[in-house]
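A.B. asks: Structure provided below as structure tokens; questions to follow.
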Amino acid sequence: MKMDERLYVEIEKRYPGFHLQVRLSLRTEVMVLYGPSGAGKTQTLRAIAGLMRPDRGEIRLDGRPLFRCQGTRATVNVPPQGRRIGYVFQGYALFPHLTALENVAFGIRGRHRREEALSWLRRMRLEHVAHLYPSQLSGGQQQRVAIARTLAAGPAALLLDEPFSALDLDAKRRLQEELRQLQRELSLPVLYVTHSLEDAFAVGERIAVITEGRVQQVGALAEVVARPANRRVASVFGLPNVIRARVRCLSPEGLLLDWDGRELLAAPRSLPAGAWVFAHIRPEEVRFIYPDRPLSAAVRHNRLRVQVLEQRLGPDFRLVRVLTQEPPWAELEVRSPPSTYMDLGIAPGSQLEVAVRPAGIVVLETAEEAAEEGGG
Amino acid sequence: MLAALLVSLKVVGVATLVIAVFGTLLALLLARGRFPGRTLLELLLTLPLVLPPTVVGFFLLYLLGRGSPLREWLGLDLLFTWQGAAVAASLVGLPLMLQSARAAIAAVDPELEDAARTLGRSEPEVLLRVTLPLAHRGILAGLFLGTARALGEFGATLMVAGNIPGRTRTLPMVVYDAALSGDLATAAQVSLLLSGIAFLALAITRRLEQPSRR
């Protein structure tokens, strides 16, 4: 066990046609559990909370086992009531027959239930709706009551299932900020389920990407997004420019790839000649070449003649989709700051040349690794 | 007639209690329990709704009569007593309660019960503070229907408890006796009384089954 580990999860559960296999380790942090719907995010939360019993595995919170089953019978299986795991449900799950105050007081024990519940409501700026029923509250208020109710019960870890997906942007940003504050103050390990990358960046420090029941990659958010470990992670992020190519050889300058008859020099990585790989051409590493300027050393490699298909300008990016005018006749995405290439006069139909430095082409995984993953 | 009213009140009072307690427990079992034979149990409990009351009464004669565990082990002889009539009335009223209560409990979102569990509440507390309060309208509606049915019970009661004036003669039997003996005034009075009560029970049920304002 690592020193700063708070929540440890290693579970397995078989459903007809679906196999959940999750391993996670949380510190005092907000970890984002990110993946497409049906990937097993909610089932993972339910298992941690004790609402779903895994076939085997182990769950520990602050060193205390909540679930342990290595053979066929569980040796430890603490019921949800005794786990001290706070769970904020996707649909909030507020009790419709209780007022906001009664909802928050629901999980509090002892003589000062009412006072404690009131102070939580005040804390979430909800004291003015204490007497209202959930159906009389706005979406953001309902969500804040749900969070207050969960925290009021004094959990040692917090699980949130797509907590802010139904809220408007303004309410969402405010609540995300409040959540981060609460997490720091209460020193909680928080597992935050979402399928929105924007949400992930707004609250999270680390991310665990889950697809088809398996955690594919865990790491710092920016790191994982910039360098997906494999094709699955890349495709969940909707990464453009993922290509399939074959290894020619490892040269001193980098890894030489054969992309359907076109040579590409990629970032060095030791791989056998002839191996099939998936590689990611990072869109911000694709540069347009000015035809009338001398070439710098950076654009010596990987030059391709392209035709512009489409251009989109955002507040902080310029995005150009191009089609290579030579084999393999593939589409690529080029991303740059909006102020670049002003005098190139980029428009649909423009014939240009692009270059990518080798460090901008990253091998995600070999095709064998991909096949193994798919088969296993 | 006053004696019959008292007998009816005793019978219905006990039947209401039995229907409330057993009906709620059985409805919970049928709505939330997962066990083999659940559908069979539900069908058996619903059977009195469609069986001729005399058939229910006939079965009860065996269940309560000579050789039954109730009589042999506990020395309880319920045949031809008002308590026996209460058993018959309960059994006939129970299916109506079950239908309504089971549906109401099944309609409670299980996620609310899960939320209560993660908030540290024990299973009995989950039941008493979440499930039953949220299903209370359907449970009450079923209870009113079942009670109304118990009050009108005739066939099974006649088989099990007979028609002993002052002891087991209930209001529906007064109507039967009066009509047969030509005392149409009494038959009409009691019929109107029973109709009024039944109408009231239905109206309350209807009210309860409408969605709440919240």
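A.B. asks: Charges only on Cβ, +1 for Lys and Arg, -1 for Asp and Glu: so what's the dipole of the protein assembly as shown about the Cα centre, in debye to the nearest 20?
C.D. replies: Around 1200 debye, computed over the protein assembly as shown.
A.B. asks: What number do you get for the range A:242-375 when its Cα radius of gyration is normalised by 2.2 N^0.38 Å, N = residues?
C.D. replies: With N residues counted in the range A:242-375, Rg over 2.2 N^0.38 Å equals 1.10.
A.B. asks: Helix A:169-186: angle to the longest alpha-carbon principal axis of chain A, degrees 0 to 90, nearest 10?
C.D. replies: Helix A:169-186 sits at roughly 70 degrees to that axis.
A.B. asks: Continuing with the same structure: Which of A:166, A:95, A:141 sits closest to the plus end of the dipole of chain A, meaning its Cα is farthest towards the positive end, when Lys and Arg get +1 and Asp and Glu get -1 on the C-beta?
C.D. replies: The listed residue farthest towards the positive side: A:95.
A.B. asks: Right, here's the next one. Pick from A:184, A:231, A:246: which residue has the top mean-square fluctuation in a GNM of chain A where Cα pairs under 10 Å get a spring?
C.D. replies: A:184
A.B. asks: Another question, then. Rank A:72, A:28, A:340 by mean-square fluctuation in a GNM of chain A with C-alpha springs under 10 angstrom and give only the top-ranked residue.
C.D. replies: Sorting by GNM fluctuation, first place goes to A:72.
A.B. asks: Separate question: Each residue of the range B:150-165 in order: what ³J(HN,Hα) in whole Hz does its phi give by Karplus 6.51 cos²θ - 1.76 cosθ + 1.60, θ = phi - 60°, with x for Gly and Pro?
C.D. replies: 4, 5, x, 4, 9, x, 5, 4, 4, 5, 8, 10, x, 9, 9, x
A.B. asks: Provide A:210, A:11 in ascending order of the number of other Cβ atoms located within 10 Å of each residue's Cβ, fewest first.
C.D. replies: Result, fewest neighbours first: A:11, A:210.
A.B. asks: Let me ask another. How big is the range A:233-295 by Rg and Dmax over its Cα atoms, in Å?
C.D. replies: According to the Cα coordinates of the range A:233-295, Rg and Dmax are 13.6, 40 Å.
A.B. asks: Now for a separate question. Cα centroids of the range B:137-214 and the range B:46-116: how far apart, whole angstrom?
C.D. replies: One Cα centre to the other: 17 Å.
A.B. asks: 222 nm [θ] for chain B, helices only, -39500 (n - 2.57) per DSSP H run of 4+, per residue, to 500?
C.D. replies: -24000 deg cm²/dmol
A.B. asks: Between the DSSP loop rule and a limit of at most 16 other Cβ atoms within 10 Å, which chymotrypsin sites (Phe, Trp or Tyr not before Pro) in the range A:280-346 are left?
C.D. replies: Here the sparse-neighbourhood loop sites are A:317, A:329.
A.B. asks: Tell me, what are the semi-axes, in whole angstrom and largest first, of the equivalent ellipsoid of the range A:7-230 as set by the roots of 5 times the Cα gyration tensor eigenvalues?
C.D. replies: Each semi-axis is √(5λ); the values are 29, 21, 15 Å.
A.B. asks: For the protein assembly as shown, I need the span (max minus min coordinate) of the C-alpha atoms along each principal axis, in Å, sorted largest to smallest.
C.D. replies: For the protein assembly as shown, the Cα extents along the three principal axes come out at 121, 53, 52 Å.
A.B. asks: Further question: Size of chain B along its principal axes in angstrom, Cα-based, largest extent first?
C.D. replies: Cα extents, longest axis first: 65, 45, 25 Å.
A.B. asks: If you don't mind, another one. In the calculated pair distance distribution of the range A:125-278, what percentage of Cα-Cα distances lie above 20 Å?
C.D. replies: Summing the P(r) of the range A:125-278 above 20 Å gives 63 percent of all pairs.
A.B. asks: Over the Cα atoms of the range A:22-107, what radius of gyration and what Dmax do you get, in Å?
C.D. replies: Over the range A:22-107's Cα set, Rg and Dmax evaluate to 14.9, 45 Å.
A.B. asks: Using θ = phi - 60° and the Karplus curve 6.51 cos²θ - 1.76 cosθ + 1.60, what whole-Hz ³J(HN,Hα) does each residue of the range B:88-93 get, with Gly and Pro shown as x?
C.D. replies: Coupling constants for the range B:88-93: 4, 5, 4, 4, 7, x Hz.
A.B. asks: With runs of 4+ DSSP H residues as the only contributors, calculate the mean residue ellipticity of chain A at 222 nm using -39,500 (n - 2.57) per run, divided by the residue total and rounded to the nearest 500.
C.D. replies: Using -39500 (n - 2.57) per qualifying helix, the result is -6500 deg cm²/dmol.
A.B. asks: Ordered by residue, what ³J(HN,Hα) values in Hz, to whole numbers, does the range A:275-290 give under the Karplus form 6.51 cos²θ - 1.76 cosθ + 1.60, where θ = phi - 60° and Gly and Pro are x?
C.D. replies: So the Karplus estimates, Gly and Pro as x, are 6, 7, 9, 9, 10, 10, 8, 5, x, 7, 9, 8, 10, 7, 9, 6 Hz.
A.B. asks: Among A:177, A:29, A:365, which one shows the biggest mean-square fluctuation in a GNM of chain A, springs joining Cα atoms closer than 10 Å?
C.D. replies: A:177
Every number here is computed from the coordinates shown, using simple stated rules; none is lab data. In this text the structure is predicted, and so the values were computed from the model without any measurement. Ideal geometry is used to build each Cβ from the backbone, glycine not excepted, and the neighbour counts take in all protein chains shown.
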